[in-house]
Amino acid sequence: MAPRNARPVKTADAPVHLIKLCVGVSTIAELEEWVAECADEAARAGRPFEQIHTTRSMPTRREALLEGGSLYWVIAGEIAARQRLVGIDPHVRQDGTPA
């Protein structure tokens, strides 16, 4: 146990993560199947596969997320899967709203 006057650990050095609900999926196997289907679809279309997840808004700590952060998927009420974040890019939906 740390003494009462101990300095708090600096959080700037700790990675920042995203936690997202994996809606429509009830098992890790279903998530894997969905990713495989997306990869197959990209191959059929002749384009490289890139797994993308669009969020409602751009994360405010983008740089911190990309310095070792991960996306944690919540499946059936539990954090069940982790994916390393390799990029965060702005996106505009078809209706013109940013994502």
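Taken together, the values in this text are just the output of simple stated rules run on the coordinates, not laboratory data. Because the structure is predicted, anything quoted here is derived from the model rather than measured. Using ideal geometry, Cβ is built from the backbone for each residue, glycine included, and neighbour counts are taken over all protein chains shown.
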Give me the extension gain from MET58 to SER26: residue separation times 0.36 nm, minus the current Cα-Cα distance, reported in nm with one decimal. 8.9 nm
Stokes-Einstein translational diffusion, the chain - Kirkwood Rh over all Cα pairs, 1.306 mPa s, 10 °C, in µm²/s: 99
Sticking with the crude label model, points 7 Å out along Cα→Cβ, report the distance from VAL92 to GLU50 in nm, one decimal please. 1.7
By average Cβ neighbour count within 10 Å, what is the ranking of 81-90, 16-25 from highest down? 16-25, 81-90
What net charge is computed for the residues neighbouring LEU71, neighbours being all others with C-beta under 10 Å from the C-beta of LEU71, Lys and Arg scored +1, Asp and Glu -1? +3
What fraction of the DSSP beta bridges in the chain is antiparallel, stated in percent and rounded to the nearest 5? 65
